[in-house]
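Enquirer: My questions will all concern the structure given below.
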Amino acid sequence: MTHTRPTPDDTHALLSEGDVNFTPERAAFAADFVTGATRELLAEDAEVFLHQSLSTPCLNALSGAEGAWITDLEGRRYLDFHGNNVHQTGFAHPDIVAAVKRQLDELSFCTRRYTCEPAVALAKRLRDCAPAGLTRVLFAPGGTSAIGMALKLARVATGRFKFVSMWDAFHGASLDAISVGGEAVFRKNIGPLLPGCEHVPPPEPHGCPFRCGASCTLACADYIDYVLSKEGDVAAVIAETVRCTPFIPPKDYWQRVQAACDRHGALLILDEIPVGLGRTGRMFACEHYGIVPDMLVLGKGLGGGIMPLAALLAKEELNVAAHTALGHYTHEKNPVACAAGLATLEVIEKENLVARAEELGNLALSRMRELAVKHPLITEIRGLGLLMGLVLRRADGSPAMEEAERVMYACLRRGLNFKITMGCILTLTPALVLTEEELMLAFGILDEALTEVKARASGSKDETLS
Ligand SMILES: Cc1ncc(COP(=O)(O)O)c(C=O)c1O
């Protein structure tokens, strides 16, 4: 494995989901931070697994995960501000672990064509807490599969095959999901993809082709209306409701897009796989926008950070595919996963995690504002509940990609884990069970790391001058 800074051609492809696993910064981190048994395990991992962008070879190895924290093989602890967004309830929540253990003793699998109590109970509970009108449920073993079911249902229900989705979006890594996804690292050199997938710009003012300036003017929402009218036969618009990587749409955005969908007979599918179930300070992110989509896709934290589980929620009138297999997944009614899901929803309610995400998110916003005053590298802060992002740009406005990596590795050395998205956004998504002290600890670490990176940059400038 060679470590090289991405060429300008690679850079576009790497402005995506996560930080890059083959840069000189990664190599330097690996050389002095990864030691002993971890080094051996990483070498074995790299020897046995297929290598792929973003994740393999790996960064480090874990031996523990509990609450808001993870522990590596060397016993070092990190506040996990990434957690793959499965950790709304924190890792290894005792109630969820107990529910999983109980279920293992009762019924550990449900053969297809049979149902089981945990599956029905979870579906009913989801329906009760979902936005009004989303009455039908189908489970899948992962978010990507649930997205696939949503796309198929939209085709069956409308008799149309086209989709409108967004550049820079992520809906999973399978061929159907990357067809509506918008990140080059998943799409490049892998086609042909699904026909009829049209992409539009996301509501992200930076680099927006409509040149709306510092804040979104909703020209991009009007453009969706334009595309839907030109195509005339689009089955659905599919998008992530909010995304720190890179956008939190303005207040009126979704109402305008939904009105356009209604005008042109297209369904609206919202992907809340990483952001649903409380992360944004509402149970579902679409609640911030006062809309109910035709389909809502959930995943990740639904399995309590223990079991793989995702769900498609749909309006009653979309129960029209009785003669088509939408999912048919072997684990679609897995009782252990469903028991984990039920316990997760109970913990979210019992521990008031939705309100907590809002409260801690507000606190985090004020701390991020202070950091931005102190560190000019932070040019923008983003936050909705505990979905947060710090955008790093240089004085000339270019993305501070190397600096972002240096900050990330400096944070890892101090016990804070997060990922970088779009090359220059420090993307921060902690467990919702985080304490205020832990939140402050994390921002203290970020502050120190930003100071260190600034000092290193001015040190190297001085060297150049002398
Ligand atoms: C917005 C979004 N959609 C879909 C997916 C795919 O989910 P999974 O990895 O469970 O298949 C992800 C995963 O990161 C995601 O963030």
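The values are calculated or read from the model by the stated rules, or taken from the named source; none is laboratory data. Since this is a predicted model, take the numbers as computed values, not measurements. Cβ atoms come from the backbone with ideal geometry, glycine included; neighbour counts cover every protein chain shown.
Enquirer: Can you find, within segment 184-203, the residue that is farthest from the chain's Cα centre (by Cα) among those that are away from the ligand (no atom under 15 Å from the Cβ) and closer than 21 Å to T421 by Cβ?
Expert: Only one residue tops the list, namely I190.
Enquirer: If you don't mind, there's one more thing I want to ask. Confirm whether L104 is out of contact with any Ser or Thr (no Cβ under 7 Å at 6 or more places or on another chain) and either buried (at least 18 other Cβ atoms within 10 Å of the Cβ) or under 30 Å from G444 (Cβ atoms) (or both).
Expert: No, not satisfied.
Enquirer: How many of the residues making up segment 351-383 are in a helix (DSSP H, G or I) and either without any contact (Cβ under 8 Å) to a residue 40 or more places away in the chain or over 18 Å from G305 (Cα atoms) (or both)?
Expert: Final tally of qualifying residues: 19.
Enquirer: Here is a further query. So is G181 within 18 Å of T241 (Cα to Cα) and within 25 Å of the chain's Cα centre (by Cα) or not?
Expert: When the stated conditions are applied, G181 passes them.
Enquirer: Here are some residues: L228, L268, L302. Which one is under 13 Å from N85 (Cβ atoms) and either crowded, with 24+ Cβ neighbours inside 10 Å or away from the ligand (no atom under 11 Å from the Cβ) (or both)?
Expert: Of L228, L268, L302, the one residue that is under 13 Å from N85 (Cβ atoms) and either crowded, with 24+ Cβ neighbours inside 10 Å or away from the ligand (no atom under 11 Å from the Cβ) (or both) is L302.
Enquirer: Considering only residues of segment 155-177 that are more than 20 Å from V227 (Cβ to Cβ) and within 11 Å of the ligand (Cβ to nearest atom), which is farthest from the chain's Cα centre (by Cα)?
Expert: If we take residues in segment 155-177 being more than 20 Å from V227 (Cβ to Cβ) and within 11 Å of the ligand (Cβ to nearest atom), then S174 is farthest from the chain's Cα centre (by Cα).
Enquirer: Tally the residues that are within 9 Å of the ligand (Cβ to nearest atom) and either out of contact with any helix residue (DSSP H, G or I) (no Cβ under 6 Å at 6 or more places or on another chain) or charged (D, E, K, R) (or both), restricting the search to segment 140-154.
Expert: Summing the residues that are within 9 Å of the ligand (Cβ to nearest atom) and either out of contact with any helix residue (DSSP H, G or I) (no Cβ under 6 Å at 6 or more places or on another chain) or charged (D, E, K, R) (or both) in segment 140-154 gives 5.
Enquirer: Moving on. Out of A314, A285, A339, A322, which single residue is farther than 19 Å from L122 by Cα, of a type outside the set (D, E, K, R) and away from the ligand (no atom under 16 Å from the Cβ)?
Expert: Residue meeting the stated conditions: A322.
Enquirer: Continuing with this model, one more query. Filter segment 227-262 down to the residues that are touching a His at 6+ places or on another chain (Cβ under 6 Å) and within 27 Å of G281 (Cα to Cα) and list them by number.
Expert: none
Enquirer: Need pairs with beta-carbon distance below 9 Å; first residue of a type in the set (K, R) and within segment 167-189, second in a loop (DSSP other than H, G, I, E, B) and more than 13 Å from the ligand (Cβ to nearest atom); sequence gap 6+ or separate chains.
Expert: Close Cβ pairs (under 9 Å, with a partner that is in a loop (DSSP other than H, G, I, E, B) and more than 13 Å from the ligand (Cβ to nearest atom)) amount to R187/L193.
Enquirer: Let me ask something else. Every residue in segment 239-279 that is touching a Phe, Trp or Tyr at 6+ places or on another chain (Cβ under 9 Å) and among the charged types (D, E, K, R), please.
Expert: E240, R243, K251, D252, D271, E272
Enquirer: Right, next: Listed residues A339, A343, A395; which is at pLDDT below 95, more than 18 Å from V297 (Cα to Cα) and not aromatic (F, W, Y)?
Expert: A395
Enquirer: Would you call I248 surrounded by fewer than 24 Cβ atoms within 10 Å (Cβ to Cβ), within 16 Å of the ligand (Cβ to nearest atom) and outside any helix (DSSP H, G or I)?
Expert: Yes.
Enquirer: Filter segment 35-65 down to the residues that are within 16 Å of the ligand (Cβ to nearest atom) and outside any loop (DSSP other than H, G, I, E, B), then identify the one that is nearest to L434 (Cα to Cα).
Expert: Per the criteria, the residue is T56.
Enquirer: Next question, about the same structure. What's the number of the condition H51 fails, among (1) surrounded by fewer than 15 Cβ atoms within 10 Å (Cβ to Cβ); (2) at pLDDT 95 or above?
Expert: (2)
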